[in-house]
Amino acid sequence: MAGAIIENMSTRKLCIVGGILLVFQVIAFLVGGLIAPSPTTAVPYMSVKCIDVRKNHHKTKWLMPWGPNHCEKLKDFDEAISRQIEANDIVFAVHIPLPSKEMSPWFQFMLFIMQLDIAFKMDNDLKENAEITLDVSLAYRDDMFNDWQEIAHAIEIRKLKCTFGSPKTLESEGRHYDCDFLPFMEIGSVAHKYYLINIRLPVNERKGINVGIGEIKDIRLVGIHQNGGFTKVWFAMKTFLTPSILIIMVWYWRRITLMTRAPVLLEKVIFALGISMTFINIPVEWFSIGFDWTWMLLFGDIRQGIFYAMLLSFWIIFCGEHMMDQNERNRLSGYWKQVGPIAVGSFCLFIFDMCERGVQLKNPFYSIWTTEVGTELAMAFIIVAGICLCLYFLFLCFMVFQVFRNISGKQSSLPAMSKARRLHYEGLIFRFKFLMLITLACAAMTVIFFIVSQVTEGHWKWGDITIQVNSAFFTGIYGMWNLYVFALMFLYAPSHKNYGEDQSNGDLGVSSGEELQLTTTITHVDGPTEVYKLARKEAQE
């Protein structure tokens, strides 16, 4: 009788396979920890205050903070007052990158956050719930002597959340507020060498624009981009893993199609999981080096969402198909209660991502968190997705508990079998439990390494060896889920190994009116495989 490879593989061979996979897992962590640099770099930028007294400012000229054609600069606002320069004629200019450097497509994305230096002044105090209006423009060029080309222009509003730690008296004038960082800009590609940001703070007292925002001294930006060295390591991993998963997926489906029966639900779900993993692995990011594809961040989020939705669905169906005494097997409709929350949660997160990064494709300065309606809408989507995730894990934990309880209960039938048969079935139960525990270990490893990467300084130093913890987290976890999918398709592929007639059901030592069955759905050409014939006992009374 033929079954899945995991059923017919000896414990020694299973340990060898596990050892090989463990070696590759360690290599995945070491590649990130020892070879790759940290995933991202944060670069602080101080804006330069430029004077622009011409009309139709942003339509005629871009103001450079430094270089051969730099703007006329202001040291501070006291100088602007003494020279009777109005606020509408002051432009905060930021050149990216810093002098004598260039941006590169290997940086993949740019994320900017803003910090305002606001001083306390008795006659220009910061009002409660104040909002600042920004007239922002972004341009690029690929040569220091070319003209700037506009990428985007927008008028954005940001809420100021500031605290003042001293009494608001004359003695406290000049001290700065402690203000939260503000989301400023995000671009999904770095296709050009130089970028220029011009920021204006238009003042209109009649309309209440930029009134009651305190005395702004400076505007600081922090730019975050992916490190080029990490990008190359990441692309190399994707390029290596894509054919690996693709080959095992083709091999897996070919073994299934060689059977005379139709594929069952669990086999289809494992194959779908392999497709979703391949979808993530395909290194389309290579094209971002030569093309200005600003949608790559959104596309990456969608790919990850599809994989994780498929992975969560697989866990539910995997447990359900191994459930004892369950009649609603081998039908996807039987899992609508468990898969439903996954679909709803994934849809909510997709809508949230489209509202954020989808809009940023046209306006990189947009943030859904900057308005009351946007914040409430975003929180609503996140809360609904969180509730769905909680419901899912309650279902999953309950099903895992039922599977282990039923297997333990049915083990009482083992003593009635012959010794060889009993040892065979005990091995099958051990392998099933082992795979369940490996699944839980993979999930736990993901959570643990994520927490460690958030609370550590980003790297550990052992003597002369520096380990990049964050890079090891990304490459290690990415490699781990690839190995997990690889192992599933290998171990649950149909086996061509047959048992003799002496190991038929008649040797189980059970009366003809009884049936021992571990009720799941992977079957061989003639019916259920060995691992699925071990749990349900139906007595004819």
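The values are calculated or read from the model by the stated rules, or taken from the named source; none is laboratory data. Since this is a predicted model, take the numbers as computed values, not measurements. Glycine gets a Cβ as well: all are built from the backbone with ideal geometry, and neighbour counts include every protein chain shown. The accessibility values were calculated without ligands, DNA or RNA, using every heavy atom of the protein model including side chains. Shrake-Rupley method; radii C 1.70, N 1.55, O 1.52, S 1.80 Å.
Yes or no: Ile256 in contact with a strand residue (DSSP E or B) (Cβ under 9 Å, 6 or more places away or on another chain) and within 25 Å of Leu491 (Cβ to Cβ)? Yes.
For segment 261-274, the criterion of being farther than 23 Å from Ser495 by Cβ and of a type in the set (Val, Ile, Thr) is met by no residue. Each residue in segment 380-422 was checked for being crowded, with 18+ Cβ neighbours inside 10 Å and aromatic (Phe, Trp, Tyr), and 3 pass. Does Ile317 count as of a type in the set (A, V, I, L, M) and either more than 22 Å from Ala493 (Cα to Cα) or within 16 Å of the chain's Cα centre (by Cα) (or both)? Judged against the criteria, Ile317 is not a match. Residues that are part of a strand (DSSP E or B) and acidic (Asp, Glu) were ranked within segment 205-242; the one that is nearest to Phe164 (Cα to Cα) is Glu215.
Assess whether Val190 counts as being crowded, with 18+ Cβ neighbours inside 10 Å, β-branched (Val, Ile, Thr) and in contact (Cβ under 8 Å) with a residue 12 or more places away in the chain.
So Val190 fits the description; yes.
Just one of the numbered conditions (1) assigned to a loop (DSSP other than H, G, I, E, B); (2) at pLDDT 85 or above; (3) in contact with a helix residue (DSSP H, G or I) (Cβ under 7 Å, 6 or more places away or on another chain) is not true of Asn363: (3).
Residues being over 30 Å from Leu126 (Cβ atoms), under 32 Å from the mean Cα position of the chain (by Cα), surrounded by 21 or more Cβ atoms within 10 Å (Cβ to Cβ) and among the hydroxyl-bearing types (Ser, Thr, Tyr) are represented in segment 216-233 by at least one member.
Checked against the criteria, Gln454 counts as assigned to a helix (DSSP H, G or I), within 23 Å of Gly32 (Cβ to Cβ) and at pLDDT below 75.
If the condition is being open to solvent by 70 Å² or more (accessible area, probe 1.4 Å), at pLDDT below 90 and not β-branched (Val, Ile, Thr), then segment 66-103 contributes Pro68, Asn69, His70, Glu72, Lys73, Lys75, Asp78, Ser82, Arg83, Gln84, Glu86, Ser100.
The conditions of being β-branched (Val, Ile, Thr), at pLDDT below 85 and either open to solvent by less than 40 Å² (accessible area, probe 1.4 Å) or in contact with an Asp or Glu (Cβ under 7 Å, 6 or more places away or on another chain) (or both) are not met by Val373.
Residues that are of a type in the set (Gly, Ala, Ser) and buried (at least 16 other Cβ atoms within 10 Å of the Cβ) do not occur anywhere in segment 262-269.
Specify the residue that is surrounded by the fewest Cβ atoms within 10 Å (Cβ to Cβ); the eligible residues are those in segment 34-65 that are at pLDDT 85 or above and assigned to a loop (DSSP other than H, G, I, E, B). Once the filter is applied, the top-ranked residue is Ser38. Candidates Leu437, Leu428: the one that is farther than 17 Å from Ile316 by Cβ, at pLDDT below 75 and either among the hydrophobic types (A, V, I, L, M, F, W, C) or surrounded by 14 or more Cβ atoms within 10 Å (Cβ to Cβ) (or both) is Leu428. Residues that are part of a loop (DSSP other than H, G, I, E, B) and open to solvent by 30 Å² or more (accessible area, probe 1.4 Å) within segment 105-120 comprise just one, Phe109. When you scan segment 282-299, how many residues do you find that are open to solvent by less than 70 Å² (accessible area, probe 1.4 Å) and in contact with a Gly (Cβ under 9 Å, 6 or more places away or on another chain)? The number of residues fulfilling the criteria is 8.
Counting only strands (runs of 3 or more DSSP E) that sit wholly inside segment 142-201, those with at least 2 residues that are farther than 22 Å from Ile51 by Cα are 149-159, 182-187. Evaluated against (1) modelled with pLDDT of 85 or more; (2) open to solvent by 50 Å² or more (accessible area, probe 1.4 Å), Asp353 falls short on exactly one condition, (2). The listed residues are Asp78, Asp123, and the only one of them that is acidic (Asp, Glu), without any contact (Cβ under 8 Å) to a residue 40 or more places away in the chain and not in a loop (DSSP other than H, G, I, E, B) turns out to be Asp78.
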